[in-house]
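Single-structure report; data block below.
The values are calculated or read from the model by the stated rules, or taken from the named source; none is laboratory data. Computed from a prediction, not measured in an experiment: that's the story for all the values here. Cβ: placed from backbone, ideal geometry, glycine included. Neighbour counts: every protein chain shown. To get the accessible areas, we keep the full protein, side chains included, count just its heavy atoms, and leave off ligands, DNA and RNA. Shrake-Rupley method; radii C 1.70, N 1.55, O 1.52, S 1.80 Å.
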Amino acid sequence: MLPIPLQKTFTYSVTEEEANFLQKGMRVAVSFGKSKMYTGLIFHIHQTAPTLYEAKEIHQILDEKPIVNELQLKHWQWIANYYMCALGDVYRASLPSAFLLESETIVYKNEAFVDESILADDEFLISEALQHQSQLTIHQIADILGRKKVMPIVNELIKKSVIYIKEEIYETYKPKLVKYIRLKECYKSDESLNALLEELSRAKKQRVAVLTFFQLATSKKPIKAKDLEKAANVSSTILKSLVAKDIFEFYQVQTDRINFKGDTNSLKELNEYQEKALSEIKTSFVEKDVTLLHGITSSGKTEVYTKLIQKVLDTGKQVLFLLPEIALTTQIITRLQYYFGNQISVFHSKYSMNERVEVWNNVLENKTKAQIILGARSSIFLPFSNLGLIVVDEEHETSYKQFEPTPRYNARDAAIVLAKMHNAKILLGSATPSLESYFNAQQKKYGFVELKRRFGNVQLPKIELIDIKEKHRKKEMKGHFSDRMLKLITEAIEEKEQVILFQNRRGFSPVVECKTCGISPQCPNCDVSLTYHKYKNELRCHYCNYQRAMPNSCGACGSNTLDTKGFGTEQIELELKEFFPDFKIGRMDLDTTRGKFGYQKIIGAFEAREIDILVGTQMLSKGLDFENVSLVGILNADSMLNFPDFRAHERAYDMMVQVSGRAGRSKKQGNVAIQTYNPYHQILQQVSTTNYTEMYKEQLQDRWQYNYPPYYRLIKITLKHRDFIKVDSGINWLFRALYNSFGEHVLGPTTPAVSRIRNLYIKNVVIKIPPKQSLVSTKKQLQKIKNTFEAVKEFRPIRFIIDVDAY
Ligand code: ADP
Ligand code: ZN
Ligand code: ZN
């Protein structure tokens, strides 16, 4: 299996001896194409020579033991089939990139070459660089020449016999080494030691270092060089000079990066409702592999999970705990480590490559510290060998779905399949289950358990809808805040309680518009207006990250009449600072949470009550548990409701109920205030009474009427290309071809709301698959049409993207 987007696996030849050594799931370096080297994965060892090509020999065996197991291979195949992507794509997505060796071309100087007069300027530069350095990578050549496209020059140099090329592979994973220090053998006797101290009597600092070393050595543990520096209060140069004098020596030990220090605690006692839910889940698991736990916010779902986890650990099996987003992990890690300590490993995309390799290896070797894996969606790819339980927390979350790049999988659904392969149980938990999961539970496909009371019998928050059309009319708005909202905030912070304010847009304002000519600055790469970020006085594109300084005057008509429209988190933060100068305002959105510990810092500060009012985007809605928050405000509910997507209403309901759930979690009843132009909207009414079942019934009715999931399935096809005409003719051809096969169940072609991103024009068609139509044969037919499409020469450069369950 090669880590490239090709459907097929390839056959390479090995000797009998190699064949006996090799096993499925080991890596080998192989060449493919003209001169490329790849890290192949052994998928099958057989004796059938390929008929269409001659099998090449493998280049190198890279593993002693398999690093991928058979269950994973089976799971990858399911993903490739179901989501209609290449197995090689799943392979590439699954392994930490350090496992996929890099192939870097290296050029060497041809010593026989002398006549430099035939070289052009750029060629001469390279030739000269090779006088000083025996070899260069293509990367370095690009640096020397200050440009990216250097292959033509390299080719010219090869033609002129100035250089030759070798393809080399090297492993990029580096275990973390820690430097230790020890005394040389000859100083271990008392006499030699006294002599040494005598000798060092004039080198005071060195003497202190040696004496401190002996103090530390009494503990009999190895001594880190860093620790000695600290304890003796000397610099690393002092230690180096002692090593140079042959008194000390350094040595290195490989350590793991992920460590937990501290004691663990026994699990909390469950209350009667949690106890009942737990026993219902256990009963449900007797018959059903999948169970949905619908527990309102703050009902104590996490504590119920811990009991189940403990039970599975006791049987010696592994547990996977899936979280929708890393924003959440810091709190859950702390909560679970409190009970399970060092048995937990964490796996997500903000971890470095090396950390991910370590977790992979720990899971592979079934180490104690990898008994519970806490991770975002990609942790379903880890080499589990005996999973007993998967918990999918906040199962309704969209971030379980990977939209880009391929494989476009939903981790919740892929986890259900994974659990089945391991004969493990899987628990889906949420206060606002997805319509699909709730439907499956109603159909008795999944087991179903409810937890309807908040822990400690705290009541659900009081939810108040504020009509801002009315407020505007009566001139009772101050900035983007109604007088009522300001009053509630003031009351809360004066009681020393905290406030969360939710605004689903980041930046200062999403649109800048000229009052004279009406034109808005647009992104040059995308078909979208630029968002104004005041702090840096910049305009930014939220689709491609393009940025430029905010102009003083309109680029179209030259007037100084640029005005901002709409508002984002940054503007709210600034308004609050003005209204509440004596209180601390914080902001949590994509712009303030970059970096590995970005979330942790803000969440930590809020927990420590260093922030009184926290403004944020939907990141704030995700299962966070703050005990001192008494008010949650939603500043503009309407933008969520008016979104062109068949799930918009369901999503708006989820989001509002989830953010509301952050209020009043521990002591008294909390407050929620929602500002809207449309207080009679049915979704807002359902939110204000937290009436999930009514929302469910109504939405399901719509889905039935308009043929959407869970009744019909959806496959979305997207075409992308720089040339609008090409995409347009491609999509029309495709639509006709699909229409011939599937008739009226093909929708489109449509142009998405942002019709061009990063200079690529985008068009969509959607295939709806009725319940009785076979999914497998639909996909087969679609694959056939795709193959024909790609055989048409003018369509070949168009990106053809298939997204199964594209929601
Ligand atoms: P959910 O995940 O359902 O929103 P949590 O599991 O976060 O709810 O629980 C809400 C709060 O109640 C947490 O602070 C948690 O520590 C506390 N809690 C829940 N169950 C118990 C229990 N059995 N004993 C003590 N505290 C509990
Ligand atoms: Zn852009
Ligand atoms: Zn203008």
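A few remarks follow.
- Test for ASP314: is it open to solvent by 70 Å² or more (accessible area, probe 1.4 Å), more than 16 Å from ligand 2 (Cβ to nearest atom) and within 21 Å of GLN371 (Cα to Cα): yes
Here's the yes/no breakdown for (1) touching a Phe, Trp or Tyr at 6+ places or on another chain (Cβ under 8 Å); (2) open to solvent by 20 Å² or more (accessible area, probe 1.4 Å); (3) under 30 Å from LYS780 (Cα atoms); (4) in contact (Cβ under 8 Å) with a residue 40 or more places away in the chain:
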{"position": "HIS46", "(1), (2), (3), (4)": "no, yes, yes, no"}
{"position": "GLU54", "(1), (2), (3), (4)": "no, yes, yes, no"}
{"position": "GLU64", "(1), (2), (3), (4)": "no, yes, no, no"}
{"position": "TRP78", "(1), (2), (3), (4)": "no, yes, yes, yes"}
{"position": "VAL90", "(1), (2), (3), (4)": "yes, no, yes, yes"}
{"position": "ALA93", "(1), (2), (3), (4)": "yes, yes, yes, yes"}
{"position": "ALA98", "(1), (2), (3), (4)": "yes, no, no, yes"}
{"position": "ALA120", "(1), (2), (3), (4)": "no, yes, no, no"}
{"position": "GLN140", "(1), (2), (3), (4)": "no, yes, no, no"}
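- When residues of segment 541-565 are limited to those that are within 16 Å of ligand 2 (Cβ to nearest atom) and open to solvent by 90 Å² or more (accessible area, probe 1.4 Å), the one nearest to TYR761 (Cα to Cα): TYR543
- Among the residues listed as LEU501, LEU486, the single one being more than 16 Å from ligand 2 (Cβ to nearest atom), under 28 Å from ARG609 (Cβ atoms), assigned by TED's automatic domain parsing to the domain that holds LYS668 and within 28 Å of the chain's Cα centre (by Cα): LEU501
- Filtered residue count, segment 428-447, keeping only those that are crowded, with 20+ Cβ neighbours inside 10 Å and of a type in the set (Phe, Trp, Tyr): 2
- Look at (1) in contact with a helix residue (DSSP H, G or I) (Cβ under 6 Å, 6 or more places away or on another chain); (2) open to solvent by less than 30 Å² (accessible area, probe 1.4 Å); (3) assigned to a helix (DSSP H, G or I) and you find that TRP360 fails only one, number (1).
- Filter result (without any contact (Cβ under 8 Å) to a residue 40 or more places away in the chain, more than 13 Å from ligand 2 (Cβ to nearest atom) and open to solvent by less than 30 Å² (accessible area, probe 1.4 Å)) within segment 521-537: TYR532
- The one condition from (1) touching a helix residue (DSSP H, G or I) at 6+ places or on another chain (Cβ under 6 Å); (2) open to solvent by less than 10 Å² (accessible area, probe 1.4 Å); (3) of a type outside the set (D, E, K, R) that THR406 does not meet is (2).
- Set side by side, the residues PHE21, PHE10 differ, and just one is within 28 Å of GLU358 (Cβ to Cβ), open to solvent by 10 Å² or more (accessible area, probe 1.4 Å) and of a type outside the set (Lys, Arg), which is PHE21.
- Failed item, numbered, when ASP805 is tested on (1) within 20 Å of CYS526 (Cα to Cα); (2) open to solvent by less than 20 Å² (accessible area, probe 1.4 Å): (1)
- Residue in segment 280-297 that is modelled with pLDDT under 90, in contact with a Leu (Cβ under 9 Å, 6 or more places away or on another chain) and away from ligand 3 (no atom under 16 Å from the Cβ) present: yes
- Residues that are of a type in the set (A, V, I, L, M, F, W, C) and not in a loop (DSSP other than H, G, I, E, B), drawn from segment 3-32: ALA19, PHE21, VAL28, ALA29, VAL30, PHE32
- Matching option when the condition is part of a helix (DSSP H, G or I), touching a strand residue (DSSP E or B) at 6+ places or on another chain (Cβ under 8 Å) and either more than 16 Å from ligand 2 (Cβ to nearest atom) or not assigned by TED's automatic domain parsing to the domain that holds SER639 (or both), among GLN571, GLN600: GLN571
- Residues located in segment 783-800, provided they are crowded, with 19+ Cβ neighbours inside 10 Å and closer than 30 Å to LEU530 by Cα: ILE798
- Residues that are more than 16 Å from ligand 2 (Cβ to nearest atom), open to solvent by 10 Å² or more (accessible area, probe 1.4 Å) and outside any loop (DSSP other than H, G, I, E, B) are absent from segment 673-681.
- Segment 737-795, residues that are among the charged types (D, E, K, R) and closer than 25 Å to HIS542 by Cα: ARG756, ARG758, LYS763
- Any hit, segment 533-548, residues being at pLDDT 90 or above and within 16 Å of ligand 3 (Cβ to nearest atom): yes
- Which listed residue, of ILE603, ILE611, is within 16 Å of ligand 1 (Cβ to nearest atom) and farther than 24 Å from ILE468 by Cα: ILE603
- Pick from segment 682-702, criterion modelled with pLDDT of 95 or more and farther than 25 Å from ARG453 by Cα, ranking: surrounded by the fewest Cβ atoms within 10 Å (Cβ to Cβ): GLN701
Listed here are the residues, each with its yes/no results for (1) more than 16 Å from ligand 1 (Cβ to nearest atom); (2) touching a residue at least 12 places away in the same chain (Cβ under 8 Å).
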| residue | (1), (2) |
| --- | --- |
| VAL286 | yes, no |
| THR291 | no, yes |
| GLU303 | no, yes |
| THR306 | no, yes |
| GLN318 | yes, yes |
| PRO324 | no, yes |
| GLN331 | no, yes |
| ARG335 | no, yes |
| GLY341 | yes, yes |
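- Subset tally (residues that are crowded, with 17+ Cβ neighbours inside 10 Å and under 20 Å from SER192 (Cα atoms)) for segment 217-240: 1
- Across segment 29-44, the qualifying residues are those that are more than 20 Å from SER94 (Cβ to Cβ) and free of Cβ contacts under 8 Å to residues at least 60 places away in the same chain, and the one among them that is least open to solvent (accessible area, probe 1.4 Å) is GLY33.
- Of all residues making up segment 723-782, the number that are of a type in the set (Gly, Ala, Ser) and either touching a strand residue (DSSP E or B) at 6+ places or on another chain (Cβ under 8 Å) or within 17 Å of TYR807 (Cβ to Cβ) (or both): 4
- Residue ID - farthest from ligand 1 (Cβ to nearest atom), chosen from residues in segment 642-653 that are open to solvent by less than 10 Å² (accessible area, probe 1.4 Å) and in contact (Cβ under 8 Å) with a residue 40 or more places away in the chain: GLU650
Listed here are the residues, each with its yes/no results for (1) surrounded by fewer than 18 Cβ atoms within 10 Å (Cβ to Cβ); (2) without any contact (Cβ under 8 Å) to a residue 40 or more places away in the chain; (3) among the hydrophobic types (A, V, I, L, M, F, W, C); (4) within 16 Å of ligand 1 (Cβ to nearest atom).
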| position | (1), (2), (3), (4) |
| --- | --- |
| GLY730 | no, no, no, no |
| THR751 | yes, yes, no, no |
| ILE762 | no, no, yes, no |
| GLN773 | yes, yes, no, no |
| GLN781 | yes, no, no, no |
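- Hits in segment 734-749 (condition: touching a residue at least 40 places away in the same chain (Cβ under 8 Å) and within 35 Å of the chain's Cα centre (by Cα)): LEU734, LEU738
- Every residue from segment 162-183 that is farther than 22 Å from TYR108 by Cα, open to solvent by less than 50 Å² (accessible area, probe 1.4 Å) and at pLDDT 85 or above: TYR180, ILE181, LEU183
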